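Okay, structure first, notes after.
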Amino acid sequence: MRNKKLVMIPGPTPTVNSIMVQMGRETVSFKDAGFVKDFKELVIDLKDMWQAEECFVLSGTGTMAMEVAVANSVKSGDNVLVVSHGYFGDRFIDIFERRGIKTDVLSAEWGKAIPINQIEAKLKEKHYHAITITHVDTSTGTRSDIARIGEMLKKFPDTLYIVDGVCSTAGERESLKEMGIDILFTASQKAFGVSPGLAIIWAGSKAMERRKNLKTIADSYLDFEKWLPIMHDPMKYYGTPPINLIWALKESVRIIKEEGLEERFERHLKDARAIQKALLGLGFTILADEELRAVTLTNVVYPEGIDDDKFRAILAEEGVVTANGLGAYSGKLFRLGHMGNIDKHTIVSTLAAIERALYRSGVDVQFGKSVGIYQSEIMQ
Ligand SMILES: Cc1ncc(COP(=O)(O)O)c(C=O)c1O
């Protein structure tokens, strides 16, 4: 009997049935009155829940959302500061440099974070038009203290605060208004638990003002001003909206509202800490420093003697698909996603499969140990 495969990579995450039902609906015209109403309600909900002035739901991936944030905030010759905690922080550098934007970078050792006073000292050196930070860098499993950075940035009101929430939004607490974020973005396939294909970008009033001051920008598809009329009234047209994905995201938002945003953040936190303790109990270590660990994924470092390719192939046979390490950590760790619409059954099955894969890899495993740790942690 073949095991059902649980997709426990850091995105795409498992899609629940009610979301798949929306994906499977017969596609209607984008001028269909029912669809237009659904799209409009979705944008309003997203704006309210993340306390933003505007929200854009576009066809594209997280990388496109990065480009949208950049295209609408800065122009060639501007200065930006990239605070990088890994592979995805670094991705901004290429995006900025291709546009002729002068880019300074603060890079952390993987698994660690740049101290806030170091960011502040850098910002005092010259005027930066924007700063970018990745809330959770998927390559390292570290989370940045975006609320404290937002507080510090009040001293630099002309610097736009851009946060990459691709591996955090809907799993980690985020609010544009409360945290002073100017642009936040994510993609559908992570903690929203929707199939890949949607980029979601929130903007505050300062960001919209900056866009206006840039006048005509070179990009058309990425331009806030092209899409704003559609986000306010989806009966209007600029590019064909991904109808079924929009329905699927609407269902995800319904699930989030039913659970409660705060309750969802608490669930992610409690599950993550329990999973991390369970994995440490099996002899793995975790790349991110303890106080920096994300709640959406864990980067699990192998004990001596485990071959990554073989281990993850066995784990997949046991029913759990995980992702490889990136950069210098390729072969040294696996990345385990635990975000979105996942339940206790999924987590218990995942930990049990990891135990079986360890056993089959020649490790002396006490069966049930990690499941026991997880269960005793979450039942407290
Ligand atoms: C933090 C972060 N930013 C950006 C991206 C890029 O998103 P996408 O793969 O949807 O283009 C990813 C993808 O995993 C990510 O984890």
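The values are calculated or read from the model by the stated rules, or taken from the named source; none is laboratory data. Given the structure is predicted, the values throughout are model-derived calculations rather than measurements. A quick note on method: Cβ atoms are made from the backbone with ideal geometry, for glycine too, and the neighbour counts reach across all protein chains shown. Side chains included, ligands, DNA and RNA excluded: accessible areas come from the protein's heavy atoms. Shrake-Rupley method; radii C 1.70, N 1.55, O 1.52, S 1.80 Å.
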- Can you name the residue in segment 136-147 that is aliphatic (A, V, I, L, M) and without any contact (Cβ under 8 Å) to a residue 60 or more places away in the chain and, of all such residues, is farthest from the ligand (Cβ to nearest atom)? Ala147
- When Ile246 is evaluated against the numbered criteria (1) within 16 Å of the ligand (Cβ to nearest atom); (2) more than 22 Å from Ile162 (Cα to Cα); (3) of a type in the set (Val, Ile, Thr), which criterion, by number, is the only one it fails? (1)
- Message: So, in segment 303-322, exactly how many residues are of a type in the set (Val, Ile, Thr) and closer than 10 Å to Leu6 by Cβ?
- Response: 3
- Which of the following residues is aromatic (Phe, Trp, Tyr) and under 20 Å from the mean Cα position of the chain (by Cα): Phe156, Phe185, Phe224? Phe185
- Message: All but one of (1) more than 28 Å from Ala187 (Cα to Cα); (2) in contact with an Asp or Glu (Cβ under 8 Å, 6 or more places away or on another chain); (3) open to solvent by 40 Å² or more (accessible area, probe 1.4 Å) hold for Arg273; state the number of the condition that does not hold.
- Response: (1)
- Query: Do we have any residue at all in segment 62-73 that's more than 16 Å from the chain's Cα centre (by Cα), more than 29 Å from Leu261 (Cα to Cα), in the same structural domain as Met231 (by TED's automatic domain parsing) and within 16 Å of the ligand (Cβ to nearest atom)?
  - Reply: yes
- Can you tell me how many residues in segment 4-19 are more than 16 Å from the ligand (Cβ to nearest atom) and farther than 23 Å from Leu333 by Cβ? 5
- Filtered residues of segment 42-61 (kept if more than 16 Å from the ligand (Cβ to nearest atom) and among the aliphatic types (A, V, I, L, M)): Leu42, Val43, Ile44, Leu46, Met49, Ala52
- Message: Suppose we filter Gly150, Gly77, Gly86, Gly165 for residues that are on the phi > 0 side of the Ramachandran plot and either within 16 Å of the ligand (Cβ to nearest atom) or surrounded by 16 or more Cβ atoms within 10 Å (Cβ to Cβ) (or both); which single one remains?
- Response: Gly86
- Scan segment 89-103 residue by residue and report those that are within 13 Å of the ligand (Cβ to nearest atom) and without any contact (Cβ under 8 Å) to a residue 12 or more places away in the chain. Asp94
- Query: Which helices (runs of 4 or more DSSP H) sit wholly inside segment 195-263 and have at least 1 residues that are of a type in the set (Gly, Ala, Ser)?
  - Reply: 205-213, 243-259
